[in-house]
1. State all residues of segment 273-319 that are small (G, A, S), surrounded by 14 or more Cβ atoms within 10 Å (Cβ to Cβ) and within 23 Å of N123 (Cα to Cα); if no residue qualifies, say none.
2. For segment 74-98, name all the residues that are at negative phi and touching a Lys or Arg at 6+ places or on another chain (Cβ under 6 Å).
3. How about segment 245-258: which of its residues are touching a strand residue (DSSP E or B) at 6+ places or on another chain (Cβ under 8 Å) and at pLDDT 95 or above?
4. Regarding T201, is this residue β-branched (V, I, T), more than 28 Å from P98 (Cα to Cα) and touching a residue at least 40 places away in the same chain (Cβ under 8 Å)?
5. Within segment 204-219, count every residue that is free of Cβ contacts under 8 Å to residues at least 24 places away in the same chain, in contact with a strand residue (DSSP E or B) (Cβ under 9 Å, 6 or more places away or on another chain) and among the small types (G, A, S).
6. Does G250 satisfy the condition of being at positive phi and under 18 Å from the mean Cα position of the chain (by Cα)?
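The values are calculated or read from the model by the stated rules, or taken from the named source; none is laboratory data. The model shown is predicted, which means the values in this text are computed figures rather than measured ones. Note: ideal-geometry Cβ built from the backbone for every residue, glycine included; neighbour counts use all protein chains shown.
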Amino acid sequence: MPCSQVLTHCTRCAAKLLWVVLGLCAGSAWAQTAPAYKLRVVGGLAGIHQYTRQEEPFWTQTLPRVSGGKFSADIVPFDRAGVAADDMLRLIQLGVVPLGTALMSSLSAQYPEYTAPDLAGLNPDLTSLKKSVAAFRPYLESSLRARQGIEVLALYIYPAQVLFCKNPITRLSDLAGRRVRVAAATQADFVAALGGVPVLTSFAQIMSNMASGNTECAITGSMTGNTMGLHRVTSHVFTLPITWGVAIFGANLAAWDALDPELKSLLRRELPKLEAAIWAESEQETMQGLACNTGARICAGASTGHMLATGVSAQDEQRRQEVLRSAVLPRWLQRCHGRCNEVWNRSIGPAVGVLVPAAP
């Protein structure tokens with residue numbers, strides 16, 4: 001879409017999004033007169049350490065530094081840019097957002113196949129997640145490029161998404177009958193298979209829903225829960241990572257191709273470092289979140305709670321695998337309408353030792 005058309009269209013956009021569109025016009029006469037080449041980037045969730053400690057400093061400090069001031073960027077978190085999470089991939093595809101971060105969990109309705117590496121119950125530890133992502137990444141990158149015109153530049157993760165509950169939870173079966181906050185369809189499948197009642201709730205509404213009694217448990221990041229104060233209104237945390245929160249950072253292919261070759265080369269070199277730093281911090285924050293929520297001495301830089309943590313027993317591990325095979329995976333395949341059976345069996349399936357029947 002020509003820049004003039006995009007800008008005309010966006011007079012009807014949210015005011016906070018208007019500056020994002022300017023990045024699409026990097027090759028225009030307007031951009032060429034600018035003293036420095038400035039990118040416009042939409043990042044992940046505001047207030048989360050992935051954004052405040054990693055994404056934002058990378059674009060506003062690291063990029064100018066490593067380029068000797070030749071390149072710079074402005075970045076805004078998507079939830080403060082007037083962009084709904086489930087619209088992000090489409091906006092990148094259209095070029096309205098030239099460079100943006102899309103939460104994988106938000107793609108369940110439109111692009112369910114892309115959510116495969118972070119299905120609920122698939123990755124009980126970070127080693128498993130790395131294996132699933134590595135197996136799926138070639139398909140993800142090639143498919144997004146060919147079908148959506150999006151160049152995948154990095155894959156980010158959030159800390160482990162675990163269960164916070166007001167009442168004791170000593171095993172997965174204790175979720176039966178409880179109303180549980182979920183953020184994605186795959187989490188809902190997992191909770192429902194255990195007899196719980198999934199309640200789809202946005203990140204911003206977690207605390208109010210817990211206060212009102214609409215939910216009595218919540219699935220969210222171990223450190224995220226601490227940051228928002230969940231350790232003050234719940235008493236027990238179940239340490240099994242149900243999901244991890246994978247995010248895709250990508251560029252509109254036309255916008256990417258139009259970038260200065262030197263800038264593209266620099267980003268290809270530096271973004272893997274940012275990705276690695278985010279993964280390392282997410283691993284550390286998973287442990288720190290659990291430590292701070294339970295009041296362990298190793299807690300640093302966060303509010304200390306007095307929650308009781310329950311680890312995963314052999315029985316729970318067996319139940320996790322059963323729920324994945326009997327509920328989560330079949331329901332994901334149903335949402336794919338036959339598109340995902342072959343994809344799974346050529347990527348993640350062999351890596352985790354779980355194959356599915358061919359689509360009918």
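1. A277, S282, G289, A291, A309
2. D74, A81, listed by residue number.
3. Those that are touching a strand residue (DSSP E or B) at 6+ places or on another chain (Cβ under 8 Å) and at pLDDT 95 or above: V246, A247, I248, F249, G250, A251, N252, L253, A255, W256.
4. Spelling it out, it is not the case that T201 is β-branched (V, I, T), more than 28 Å from P98 (Cα to Cα) and touching a residue at least 40 places away in the same chain (Cβ under 8 Å).
5. Matching residues across segment 204-219 total 1.
6. no
Every residue, every condition in (1) under 14 Å from C165 (Cα atoms); (2) without any contact (Cβ under 8 Å) to a residue 60 or more places away in the chain; (3) crowded, with 24+ Cβ neighbours inside 10 Å, yes or no:
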residue	(1), (2), (3)
A185	no, no, no
T234	yes, no, no
A258	no, no, no
K264	no, yes, no
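This table checks each residue for (1) among the acidic types (D, E); (2) within 21 Å of P360 (Cβ to Cβ); (3) at pLDDT 95 or above.
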site: G301; (1), (2), (3): no, no, no
site: Q318; (1), (2), (3): no, no, yes
site: R325; (1), (2), (3): no, yes, yes
site: P330; (1), (2), (3): no, yes, yes
site: Q334; (1), (2), (3): no, yes, yes
site: N341; (1), (2), (3): no, yes, yes
